[in-house]
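Readers should treat all values here as calculations from the given coordinates under stated rules, not as data from a laboratory. In this text, all values refer to a predicted model and were calculated from it rather than measured experimentally. Cβ atoms come from the backbone with ideal geometry, glycine included; neighbour counts cover every protein chain shown.
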Amino acid sequence: MQLSTRHLLGIKNLTQEDISLILSTAEQFKEVLQRPVKKVPSLRDVTIVNLFYENSTRTRFSFELAEKRLSADTINFAASSSSAAKGETLLDTVNNILSMKVDMVVMRHSASGAPHFLSQHIPAAIINAGDGINEHPTQALLDAFSIKEKTGSLEGRKVAIIGDIMHSRVAQSNIYLLNKMGAKVTVCGPPTLIPKYISEALGVTVNYNLKEALEWCDVANVLRIQLERQNQVLFSSLREYSLAYGINRQLLDSLHKEIVIMHPGPINRGVELDSDVADSKQSIILQQVENGVAVRMAVLYLLANRNN
Amino acid sequence: MQVLLTSQQLSDTVRQLADQLIKSHTDLNDVVFVGIQQGGVVVGNDIVSNIRQISTAQKIQYGQLDITFYRDDIRKEILAPDTMNIPFAIENKTVVLIDDVLFTGRTIKAALDVLLDYGRPAKVELCVLIDRKEHRQFPIQADYVGATVETRKTDKVKLINNEVVLIDN
């Protein structure tokens, strides 16, 4: 069994078999993480660069930990403290790093398509850790892993993705993945934050009413309001957003069933999620983070490139 | 294709191995059994169910071990892992590793590496159904052997449909 691709650029170009293989491999890595020695020697001979052109705590730590648990050698690059600040191009930076015998690139960039561009010019395996407003494939994979772990399967599962769908790479990757795996998706948020033709383009249902969306779903994946990606004001205030689309205890208790709450982090507490929801039993936010390491280990293991 | 053990011979051999394992350990409570994926688990299931029938010990602990992440030929091919399940402590226990065929010894070497990441057993023993003795590449020998067979290096010995067969290439 092998993946149909040499890179993980997005969920869009993965097959159903690829996704199943990554998720089942991640289950075995999750077992590794419960052992006294949480480490395997699989990637002893592989060197990985974490190339982060955009800020990240969770994803970068998660990748770095996954790499270390696989015994890979790692180097970290942050754009702000590197020669990129002196004007070096992306391709030059990467070629310089690769000439030091690096096998894989984990990359985050604010430009959509940056990893795709890179994959056409360099021999190393590339893993997209988030590109602009395009995709964040490992987040979608860990979300799927967490849904499967919590509810048993993805097939037929009803997932509501709530919040800023327009600027969210997490939403896009999640929609691709859930559609491929037979789950049903509704997106919910203010009309200004939901792309106009999303149902035609991505095959999802749109509902602007939060309560209805929650009543319908088994799992609510609540997104962060991304203030840094909005050049224009798309809702009048955070307070207004929170009143219409924030999830609080009272709203959850008024539903006729218990739903699972997810969030990719970092949470704006009191905006999209109230603390008593984020920290409740229904929330699997910290399990998502835990599963992130196992899922990223699976991706790195299955794509390990030893051509150099 | 040549049949090395018929299904009757196979079940007799498994029974003998179970007998030997019981006789060699005065207290089975200090012993845990671990089958190596995938063939070793098939044999391990049979051996352990025999031991459970024959022995008077209260609880026979049995787990499954997968070596995929520890293979020394990982550079050649990436394989999807099998299930790993060792739901008990191996610290200070005697671990009996069970495999179907002992060939080069590389699988057992990897299995020992996996095992040591779970703890420090008092002793590790090896029980195999078939020993292809002349092809060892590592200094590894089994403590309990069902049958020793002479093979060519290119042959394959497999457990198929409850029989042990030799496939020559």
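Among rounded, prolate and oblate, which fits the stretch A:137-289 when a ≥ b ≥ c are the square roots of the eigenvalues of its C-alpha gyration tensor, a/c under 1.5 means rounded, and a/b larger than b/c means prolate?
On the way: a/c = 1.41, a/b = 1.11, b/c = 1.28.
In terms of gyration-tensor shape, rounded.
Using the count of nearby Cβ atoms within 10 Å as a rough guide to exposure, how do B:F88, A:F77 rank from fewest to most? Kindly include the intermediate steps, with their values, before the conclusion.
On the way: B:F88 15, A:F77 19.
The most exposed by this proxy come first: B:F88, A:F77.
Using Cβ contacts closer than 10 Å as the measure, can you line up A:S119, A:S82 from fewest to most? Kindly include the intermediate steps, with their values, before the conclusion.
Working: A:S119 20, A:S82 15.
Going from sparsest to densest Cβ surroundings: A:S82, A:S119.
At 37 °C and 0.692 mPa s, what whole-number value in µm²/s does Stokes-Einstein give for the translational diffusion of the stretch A:1-160, with Rh from the Kirkwood sum over Cα pairs?
Working: Rh = 16.8 Å.
My calculation gives 196 µm²/s for D.
State which entries of A:K12/A:K184; A:K148/A:K180; A:K30/A:K148; A:K148/A:K184; A:K30/A:K101 exceed 20 angstrom in Cα-Cα distance in the structure shown.
Listed pairs above 20 Å: A:K30/A:K101.
From the phi of every residue in the stretch A:116-130, what ³J(HN,Hα) in whole Hz does the Karplus formula 6.51 cos²θ - 1.76 cosθ + 1.60 yield, where θ is phi - 60° and glycine or proline is x?
Once θ is set to phi - 60°, the couplings for the stretch A:116-130 become 5, 4, 4, 5, 7, 10, 10, x, 6, 6, 10, 10, 7, 9, x Hz.
Calculate the FRET efficiency for A:S280 and A:S71 from the Cβ-Cβ distance with a Förster distance of 51 Å, rounded to the nearest 0.05.
Working: r = 37 Å, r/R0 = 0.73.
According to the calculation, E is roughly 0.85.
Just name one of A:S71, A:I11, A:N55: the one whose Cα is farthest towards the positive end of the charge dipole of the stretch A:1-146 (beta-carbon charges, Lys/Arg +1, Asp/Glu -1).
Final value for the positive-end residue is A:S71.
Among A:I198, A:S280, A:I225, pick out the residue whose Cα is farthest towards the positive end of the charge dipole of the stretch A:161-308, where Lys and Arg carry +1 and Asp and Glu carry -1 on C-beta, about the Cα centre.
A:I198
With springs only between Cα atoms under 10 Å, which of A:I127, A:I22, A:I259 fluctuates most in a Gaussian network model of chain A?
Its mean-square fluctuation being the largest, the pick is A:I259.
Quick one: putting +1 on the C-beta of Lys and Arg, -1 on the C-beta of Asp and Glu, what dipole do you get for chain A around its Cα centre, in Debye to the nearest 20? All intermediate terms of the calculation are to be shown ahead of the outcome.
Details: 32 positive and 31 negative charges, 88 e Å.
For this selection, approximately 420 debye.
Show me the trypsin sites (Lys or Arg not before Pro) within the stretch B:71-118 that DSSP assigns to loop and that have at most 14 other Cβ atoms within 10 Å of their Cβ. Each step should come with its number before you reach the end.
Values: sites: B:R71, B:R75, B:K76, B:K93, B:R106, B:K109; in loops: B:R71, B:R75, B:K76, B:K93.
Here the trypsin sites (Lys or Arg not before Pro) that fit, given the DSSP loop and packing criteria, are B:R75, B:K76.
Given points 7 Å out from each Cα along the Cα-Cβ axis, report the A:Q34 to B:A57 separation in nanometres with one decimal.
Label at A:Q34, label at B:A57, 2.3 nm between them.
What spacing in nm lies between the two simple spin-label points modelled at B:Q38 and B:Q2, each 7 Å away from Cα in the Cβ direction?
2.6 nm
Out of all DSSP beta bridges with both ends in the protein assembly as shown, state the antiparallel percent to the nearest 5. Walk me through the intermediate numbers first.
Details: 10 of 67 bridges.
Percentage antiparallel, nearest 5: 15.
Viscosity 0.692 mPa s, temperature 37 °C: what is the translational diffusion coefficient of chain A from Stokes-Einstein with a Kirkwood Rh over Cα pairs, rounded to a whole number of µm²/s? It would help to have the intermediate numbers written out before the result.
Working: Rh = 19.9 Å.
Translational D for this selection: 165 µm²/s.
Highest first, please rank the peptides B:134-143, A:109-118 by the mean number of other Cβ atoms sitting within 10 Å of their residues. Please list the in-between numbers first.
Working: B:134-143: 13.6, A:109-118: 18.8.
Answer by packing, highest mean first, reads A:109-118, B:134-143.
Expected output is a single nm value to one decimal: the length gained when fully extending between B:I140 and B:E91, i.e. 0.36 nm times separation in residues minus the C-alpha distance. What is it?
Working: separation 49, 0.36 × 49 = 17.64 nm, distance 2.21 nm.
Contour length minus Cα-Cα distance gives 15.4 nm.
Evaluate the relative contact order of chain B (contact order divided by residue number), counting alpha-carbon pairs under 8 angstrom at least 6 apart; express in whole percent. Intermediate results must be reported in sequence, preceding the final value.
On the way: 323 pairs, mean separation 45.5, N = 169.
Over chain B, the number comes to 27 percent.
How many angstrom separate the Cα center of the stretch B:1-38 from the Cα center of the stretch A:1-60?
For the stretch B:1-38 versus the stretch A:1-60, the Cα centre distance is 38 Å.
Can you sort B:I108, B:I54, A:I285, B:I98 so the residue with the fewest Cβ neighbours within 10 Å comes first?
With the fewest neighbours first, B:I108, B:I54, A:I285, B:I98 line up as B:I54, A:I285, B:I108, B:I98.
Between A:S99 and A:S56, how high is the FRET efficiency from 1/(1 + (r/R0)^6) when r is the Cβ-Cβ distance and R₀ = 25 Å? Nearest 0.05. Walk me through the numbers before you get to the answer.
Numbers: r = 25 Å, r/R0 = 1.02.
The value I calculate is 0.45.
Once you keep just the Cα pairs under 8 angstrom separated by 6 or more residues, what percentage relative contact order results for the stretch A:60-182?
Details: 122 pairs, mean separation 22.1, N = 123.
After rounding, I find 18 percent.
Would you please give the residues with an amide H less than 5 Å from that of A:V260, counting only those at least 5 places away or on a separate chain, with H modeled from the backbone geometry?
A:V219, A:A220
State the extension gain, in nm to one decimal, for the chain segment bounded by A:Q287 and A:N209, taking 0.36 nm per residue of separation less the distance between their alpha-carbons. Please report the intermediate quantities before stating the final value.
On the way: separation 78, 0.36 × 78 = 28.08 nm, distance 2.78 nm.
Roughly 25.3 nm would be gained on extension.
What percent antiparallel are the DSSP beta bridges of chain B, to the nearest 5?
Of the beta bridges lying entirely in chain B, close to 30 percent run antiparallel.
Once the piece of chain linking A:S80 and A:Q2 is laid out straight, how much longer is it, given 0.36 nm per residue of separation minus the C-alpha distance between them? Spell out each step's value before the answer.
On the way: separation 78, 0.36 × 78 = 28.08 nm, distance 3.65 nm.
Between A:S80 and A:Q2, full extension yields 24.4 nm more.
Helix-derived [θ] at 222 nm for the protein assembly as shown: sum -39500 (n - 2.57) over DSSP H runs of at least 4, divide by residue count, nearest 500?
Values: 15 runs with 164 residues, N = 477.
Rounded to the nearest 500, it is -10500 deg cm²/dmol.
Can you give me the relative contact order of the stretch A:254-296 as a percent, contacts being Cα pairs under 8 Å and 6 or more apart?
This gives 45 percent for the stretch A:254-296.
Once you charge only the Cβ atoms, +1 for Lys and Arg and -1 for Asp and Glu, what is the size of the charge dipole of the stretch B:2-167 about its Cα centre, to the nearest 20 debye? List each step's numbers first, then the result.
Working: 19 positive and 22 negative charges, 44 e Å.
It comes to approximately 220 debye.
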